[in-house]
Structure formats: C-alpha cells, structure tokens
Amino acid sequence: MEEFEPSVGPWSPLHVFLSYAREDTPAMDILDRQMRGLVKQGLITLFIDKSLRPGDVWHDRIRAELERADVVVFLLSDHLMGSDYVLDNEYDYVLKELKLDKGRPRPVTLLIDDVPKHNGFSQWEMYAKRDNQLLPVKYWGLEEKRPYIQVVDYVGELAERHREQQMSSSAVSADSISVDLVDGIERSPAAAGVGGIKTKWRWENRPAGHLCARKDLVSRINARLESEPGVAVVLTGHGGMGKSTAAYLYAATHDDRYDHVAKIAAESPEILAEEWRSLAEWLDLPASDVLSADYALKEWLAKEQRWLLVLDNAYGIEALDRLPELPMGDVLVTTRERFTGLGDFRLLTVGELDESEAENLLLEAAGAGADLATVREICAIHSYEPLALEKALLDLRGGMAPRRYLARLRAHER
C-alpha cells in the first residue's frame with residue numbers, strides 16, 4: 001500500500017495506526033478500504049504493517065509509527081488476545097503512554113469476535129454496536145460494513161477536531177478578527193451585543209478559515225430557528241460535510257442575538273452528562289454533581305431567552321432529552337445519525353457543495369491560468385465534500401498548480 005503524504009498546510013493530519021492479528025487480515029482489509037476516504041481528504045495518514053518497505057527494520061519501523069500515532073485502532077479478536085507481540089509491544093506501549101497522561105495515542109477497539117468480557121481493551125472506546133449493544137463483527141454477516149463505518153466515523157470526527165484545533169491555534173488569539181465569508185465582512189465572533197455587552201462564548205477549537213462558506217445553509221438554519229422558536233434544528237450528514245463549521249458560521253453571524261453561545265460534545269451519554277455539568281459551571285449555576293447540574297441547567301434554559309446551545313456530534317435523538325420541554329433559546333444539533341420522529345422541518349441535511357460553487361472557489365484560488373477541466377476533476381475526486389475541498393483550496397492558494405495537485409491525487413488513487 002502506498003502511503004499518501006499530504007502537502008504541507010496549516011494543519012497536519014491525524015496519524016492512525018491499525019493493530020491486528022495476522023489471522024484477521026480480511027477484517028483489516030475492509031477497515032483499510034473504509035479509511036481511504038479520510039486519507040484522500042488529507043484528514044489522516046494511515047499505517048498498517050503491509051506499508052513496510054524493503055529494507056525496513058520492521059520492529060523499529062513499527063515502534064516509530066506507534067510513537068507518531070495519534071490514534072491506535074485495535075481489531076480485537078481471540079487471535080489478537082493470543083498475540084504476544086501485539087500485547088507486549090503495541091498494547092503495552094499505548095497503556096504506558098496513557099498512564100503518563102499524555103493524552104495520546106487515543107485507543108479505539110473494533111470487536112471482531114467473542115472475547116472475555118473483562119479484558120484490557122474493554123476500558124477503551126469499543127465499537128461494533130447494534131441497538132446500543134456490542135455484537136462482534138463475525139455475527140453481522142459477511143457483507144455488513146456498519147461496524148467498520150462506526151470506527152471510521154469516530155476517527156473522522158477526531159480528525160476534524162484535530163484539524164480545527166490546529167487551525168484555531170494558528171490564529172492570533174481565540175477571539176481574533178477573522179474573515180466571515182457568509183457576508184464577506186471582517187468581524188469578531190464575540191462582537192458587542194445589546195447595550196455593548198459582549199456575547200459570552202464556550203466553543204473550543206473555533207474554525208479559523210471558513211474556506212468553504214455555506215451561505216445557503218446558514219440562511220436555512222436562520223429561517224428554521226426563526227420560524228419555530230424553542231425547537232431544535234438538527235444538521236445531519238456524513239463526516240466531512242462541515243456540519244460543525246456550519247453551526248459555527250451561523251453562531252458567528254448572528255451572535256448579536258445572544259448573550260451566551262455554547263457548543264458541547266454529545267457523542268455518548270457519558271460525555272454529554274459531563275459536558276452538561278461543565279456547562280452549568282460555566283454559567284455559574286450549582287453543579288456539584290450531574291444531578292444538581294441537570295436540574296439547575298434545565299431551569300435556566302427554560303427561563304433565559306438570549307442563548308444558543310449546540311449539541312455537537314450527537315449520538316442519537318435521546319441527547320435531546322436533557323433539554324427542558326420548552327427551551328426559551330435556540331438549539332442546534334450536529335449528528336451523523338438520521339433522527340426519526342422529528343419531522344423533516346426540523347432536519348437539515350448537510351451534503352456536498354453545489355458543483356458550480358465548488359468549481360468557482362477552486363478557480364478563484366488557483367488564479368489566472370487554471371483550466372476548468374482540471375478543477376472539475378479535482379472536485380469530482382474529492383466528491384465535492386467541503387472539508388476535502390478546503391485542503392485543495394489551501395494548497396492552491398499557497399501556490400500549488402492545479403495540475404500538480406491533480407497529479408498527486410491520481411497517484412494516491414493508484
């Protein structure tokens with residue numbers, strides 16, 4: 001497998017290491033194929049031991065790749081549990097690094113077949129869930145890809161956050177003036193609100209570039225929030241479509257309506273509960289534990305009016321149960337799930353960019369001499385996905401010729 005090395009940009013991709021037993025190579029091949037989209041977008045680089053080249057000292061190379069890794073995905077099976085090499089090297093390395101509280105690498109586990117319930121891997125993020133119950137991959141059926149996609153979606157979410165964090169850190173400061181492409185006006189995300197009072201923000205890793213503005217989407221979010229106050233608007237779509245960025249663009253454009261703007265992570269019930277408690281603390285409400293925070297926050301959300309709350313990467317419609325029956329402010333939800341029972345009015349699907357919009361963005365970035373046929377092929381390879389096209393925009397604006405960028409994409413596809 002040829003490793004794709006993205007060109008230099010304002011962020012570096014997340015490095016992912018796949019750990020598996022030789023007997024589970026067929027499962028690893030499926031996961032590898034599913035990960036290719038993230039690699040193509042420049043969101044991750046991927047190491048599997050089949051990437052080893054002639055002349056590599058395999059043990060040294062594997063150790064070096066582990067030390068680079070931001071995420072290690074274990075394909076957990078009876079064979080993996082019986083692999084002394086994986087346990088003594090890859091598993092032990094991750095365990096030791098986490099005990100040092102370095103925050104990396106992030107371990108993720110895909111359950112391939114039956115293993116004892118109490119094992120060292122069960123303490124980490126575990127995938128292969130059907131109806132919120134773990135079901136090993138071998139029981140899903142030979143053609144079922146959903147358990148693999150669960151892992152890929154989770155890694156994609158980590159990669160998007162990693163990218164946003166790096167782009168945000170390159171800004172002068174968290175509240176520095178940025179170019180808001182929704183209206184083309186330079187403004188601060190914490191602009192003065194009513195009476196000169198600044199909006200209070202709780203939003204980690206704010207997008208810094210806004211390269212692929214979604215003018216139509218921001219307008220539709222605004223229209224739906226205005227049409228039915230107190231009803232959550234849900235942005236749904238695959239990874240890479242820019243759901244979180246669209247939510248931020250709406251908030252930054254309309255922050256004069258709000259005294260408080262907050263985004264909280266909602267990818268699991270446990271994470272949402274802790275974020276709920278942290279949100280209560282941020283609002284100076286009683287929050288000695290999750291229960292007291294839940295009571296105080298529901299009361300606040302049902303009484304105060306000038307606030308926007310974003311539940312980011314929600315695990316399911318159950319995430320909305322933490323809200324009061326009639327919130328007085330505005331609620332946005334981003335999710336990869338297709339919520340049922342809400343009605344289409346409350347759902348907004350975030351998809352690919354319009355073809356002409358994407359092509360015009362790249363033509364403008366490339367400047368004089370760019371030909372439409374090359375730009376169209378770049379857009380097609382990137383499937384008109386906003387986050388993938390942001391990578392192309394950054395490289396073209398940095399001076400890379402469209403033909404050279406296209407040649408690199410073609411080489412990677414081979």
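Check region 89-102 and report whether any residue there is surrounded by fewer than 18 Cβ atoms within 10 Å (Cβ to Cβ) and closer than 23 Å to Ile30 by Cα.
no
Which pairs turn up if I take residues in region 27-53 that are within 20 Å of Arg410 (Cα to Cα) and outside any helix (DSSP H, G or I) and look for partners that are at pLDDT below 85 and charged (D, E, K, R) with beta carbon separation below 7 Å, at least 6 apart in sequence or on another chain?
Gln41/Glu385; Gln41/Lys391; Gly42/Lys391; Leu43/Glu160; Leu43/Arg163; Thr45/Glu3
I'm told Lys96 meets every condition in (1) in a helix (DSSP H, G or I); (2) under 17 Å from Ser268 (Cβ atoms) except one. Can you identify the failing condition by its number?
Tallying (1) in a helix (DSSP H, G or I); (2) under 17 Å from Ser268 (Cβ atoms), Lys96 fails exactly one: (2).
Where residues in region 285-318 are small (Gly, Ala, Ser) and modelled with pLDDT of 85 or more, which of them is surrounded by the most Cβ atoms within 10 Å (Cβ to Cβ)? Walk me through it before giving the result.
First pass over region 285-318, keeping only residues small (Gly, Ala, Ser): 287-288, 292-293, 296, 302, 314, 316.
The next check asks that each one be modelled with pLDDT of 85 or more; those that pass are 296, 302, 314.
Working: Ala296: 18, Ala302: 15, Ala314: 26.
It comes out as Ala314.
Could you tell me whether region 346-361 includes any residue that is modelled with pLDDT of 80 or more, among the small types (Gly, Ala, Ser) and not in a loop (DSSP other than H, G, I, E, B)?
No - not one qualifying residue is present in region 346-361.
State which residue is farthest from the chain's Cα centre (by Cα) when the search covers only region 188-218 and only residues that are surrounded by fewer than 19 Cβ atoms within 10 Å (Cβ to Cβ) and at pLDDT 85 or above.
Only one residue fits best here, namely Lys200.
Would it be correct to say that Asp84 is exposed (fewer than 14 other Cβ atoms within 10 Å of the Cβ) and modelled with pLDDT under 85?
Considered against the rule, which asks whether it is exposed (fewer than 14 other Cβ atoms within 10 Å of the Cβ) and modelled with pLDDT under 85, Asp84 comes out as no.
Please determine, by comparing only the residues of region 306-341 that are more than 15 Å from Leu235 (Cβ to Cβ) and in a helix (DSSP H, G or I), which one is nearest to the chain's Cα centre (by Cα).
My answer is Glu318.
In region 250-265, which residue that is surrounded by fewer than 24 Cβ atoms within 10 Å (Cβ to Cβ) and within 18 Å of the chain's Cα centre (by Cα) is farthest from Pro229 (Cα to Cα)?
Ala265
Checking Val151 against (1) at pLDDT below 70; (2) assigned by TED's automatic domain parsing to the domain that holds Lys40; (3) not in a loop (DSSP other than H, G, I, E, B): exactly one of these is not met. Which one?
Here Val151 meets the rest and fails (1).
Across region 375-395, what is the number of residues that are in a helix (DSSP H, G or I) and at pLDDT below 80?
Applying the first criterion (in a helix (DSSP H, G or I)) to region 375-395 yields 375-381, 386-395.
Those still in the list that are at pLDDT below 80 too: 386-395.
Summing the residues that are in a helix (DSSP H, G or I) and at pLDDT below 80 in region 375-395 gives 10.
Looking at the structure I just gave you, is Leu235 assigned to a strand (DSSP E or B) and not β-branched (Val, Ile, Thr)?
It is true that Leu235 is assigned to a strand (DSSP E or B) and not β-branched (Val, Ile, Thr).
Among the residues of region 263-305, write down those that are within 23 Å of Tyr248 (Cα to Cα), of a type in the set (Gly, Ala, Ser) and either outside the structural domain of Val234 (by TED's automatic domain parsing) or in a loop (DSSP other than H, G, I, E, B) (or both).
Ala266, Ser268
The values are calculated or read from the model by the stated rules, or taken from the named source; none is laboratory data. Keep in mind the model is a prediction, meaning the values are calculated, not measured. When we count neighbours, we look across all protein chains shown, and the Cβ atoms used for this are built from the backbone with ideal geometry, even at glycine.
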